[in-house]
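See structure below.
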Amino acid sequence: MTSADVRPDGTVPFRATLGRSAGLFAAFRAEQSDPARFYGTLARDTVAQLRSYTPLDGRLVVDVGGGPGYFADELRAAGARCLCVDSDAHEMRLHGREADTHGIQGSALELPLRSGAVDVCFSSNVLEHVPDRARMADEMVRVTRPGGLVYLSYTLWLSPWGGHETSPWHYLGGSYAAERFARRHGRRPKNDFGRTMYAAHAGETLRWVRGRTDVEPVDIRPRYLPGWAKPVVRVPVLREFVTWNLLLVLRRLG
C-alpha cells in the first residue's frame, strides 16, 4: 500500500475476493497446529478490512475478548492505540505469548471503561462465547464515542463451524456434540456448549440493530466470504447456514 491508496477520509480500499477467502480458509486449517500462522493471518486481514471503514492512526481502539493479543499487535502496527480487554487471564497468555502489557482483565458484559471512551470498539469471534449477546453488544455501543465505530463479528451457530471443534456434530445438538467430544478425547472441549459457547444466530443480532436508535449500520456482511456473497445476509434461514461469520459495522450516533 502507498499513500496514493489512502482515501481523503483516511480509509483504505479493501477487496473481499474469492482468492482472499480461499487463503483465509487455508490458514484456518492450521488453527490448532500453527496458531501463530492462523491468528496472524486473520489479524492482518481483519485490520486491513477495518481500515476500509475508519482510519486507525492515532485512534483509541478497545479489543473486546482479544485474548493473547494478535489483533492488538496488528492494530498497533496500523497506528492505533489499542487496549485489550479479556475476562480470562489464561487466554491472554495462550500460544506461549506474554500477557499484553496494554491489556486488562474484565468482562465483555460489563466493560471496565467509561461511556464514550473509545473511537473504535472491536470484537472478533467473542459474541458466541457469552451467555447474553445483546448485553455485550450494548456495552460495545456504550463505550464508543458518538461518530465512532463498532466492529462486531461472530460465528453463526448453524454454520459449518458453529460448534467449533465439536463440528459438525453440533447439528445434532450442542450438548450432544460436547459429550461426544468428551468421550472421544477424554476431556471437555474448550468450546463447551452451555458453558463457554452458545448458539448465536444472525436474526437475533439483526433485530437488535433494528431496535437501536443510537447506531446506524455502515456494513453488514459475511466476514470471510467474497463481496458478491453479501446479499445472503438478507435471506432469513439461508443466512444462518451460509454466512458462516457475520460482521456488523455500526456507527455510533450522537
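Under a point-charge model restricted to the Cβ atoms of Lys and Arg (+1) and Asp and Glu (-1), what is the dipole moment magnitude of the chain relative to its Cα centre, in debye to the nearest 20?
On the way: 34 positive and 28 negative charges, 104 e Å.
Value, rounded to 20: 500 debye.
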Residues with amide H under 5 Å from that of Arg81, placed H, sequence gap 5 or more: Gly58, Arg59, Leu60, Val61
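Using 0.36 nm per residue, how much length does the chain from Arg15 to Ser175 gain when fully extended, once their Cα-Cα distance is taken away? Display every interim value, and only then the final one.
Details: separation 160, 0.36 × 160 = 57.60 nm, distance 3.83 nm.
Gain in length upon complete extension: 53.8 nm.
Within a 10 angstrom radius of the beta carbon, how do Glu240, Glu204, Glu139 rank from fewest other beta carbons to most? Mind dumping the intermediate values first?
Numbers: Glu240 18, Glu204 12, Glu139 22.
Fewest to most other Cβ atoms nearby, the residues stand as Glu204, Glu240, Glu139.
Net charge within 14 Å of Arg29 by Cβ-Cβ distance, Lys/Arg positive one each and Asp/Glu negative one each, not counting Arg29 itself?
Working: positive: Arg37; negative: Glu31, Asp34, Glu165.
For residues surrounding Arg29, the net value is -2.
Less than 10 Å Cβ to Cβ from Gly147, Lys/Arg counted +1 and Asp/Glu -1: what total charge do the surrounding residues give?
Details: positive: Arg145, Arg251, Arg252; negative: Asp119.
Residues near Gly147 contribute +2 overall.
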In whole Å, how far is the Cα centre of segment 176-203 from that of segment 1-75? 28
Which of Ala80, Leu206, Leu111 sits farthest toward the positive end of the charge dipole of the chain, with +1 on the Cβ of Lys and Arg and -1 on the Cβ of Asp and Glu? Leu206
Distance between modelled label sites at Arg195 and Arg183, nm, 7 Å Cα→Cβ extension: 1.7
Within segment 129-163, find all residues whose amide N lies under 18 Å from a label point positioned 7 Å from the Cα of Thr213 along Cα-to-beta-carbon. 138, 141-142, 146-147
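Rank by packing, highest mean first: peptides 242-253, 163-174, 12-23, with packing defined as the count of other Cβ atoms within 10 Å averaged across residues. Write down the numbers at each step before the final one.
On the way: 242-253: 21.0, 163-174: 18.2, 12-23: 13.9.
Ranking the peptides 242-253, 163-174, 12-23 by packing returns 242-253, 163-174, 12-23.
Determine the gain in length on full extension of the stretch Ser33-Arg114; use 0.36 nm per residue of separation and subtract their C-alpha separation, reporting nm with one decimal.
Numbers: separation 81, 0.36 × 81 = 29.16 nm, distance 3.88 nm.
That works out to 25.3 nm of additional length.
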Ranking request for peptides 127-136, 180-189: highest mean number of other beta-carbon atoms within 10 Å first, then the rest in descending order. 127-136, 180-189
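With charges only on Cβ, +1 for K and R and -1 for D and E, what is the dipole size of segment 137-238 about its Cα centre, in debye, rounded to 20?
Values: 16 positive and 9 negative charges, 60 e Å.
Taking the Cα centre of segment 137-238 as origin, the dipole is about 280 debye.
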Work out, in µm²/s and without decimals, the Stokes-Einstein translational diffusion coefficient of segment 163-227 at 4 °C, 1.567 mPa s, Rh from Kirkwood over C-alpha pairs. 92
Around Leu238 (Cβ within 15 Å, Cβ-to-Cβ, excluding Leu238; K/R +1, D/E -1) the net charge comes to +3
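Sort the chain into rounded, prolate or oblate with this rule: let a ≥ b ≥ c be the square roots of the eigenvalues of the Cα gyration tensor; rounded if a/c is under 1.5, and if a/c is not under 1.5, prolate when a/b is larger than b/c, oblate otherwise. Please report the intermediate quantities before stating the final value.
Details: a/c = 1.37, a/b = 1.30, b/c = 1.05.
Rounded.
Only the coordinates and a few stated rules stand behind these numbers; no lab work does. From a predicted model like this one, the values you see are computed outputs, not experimental measurements. Cβ atoms come from the backbone with ideal geometry, glycine included; neighbour counts cover every protein chain shown.
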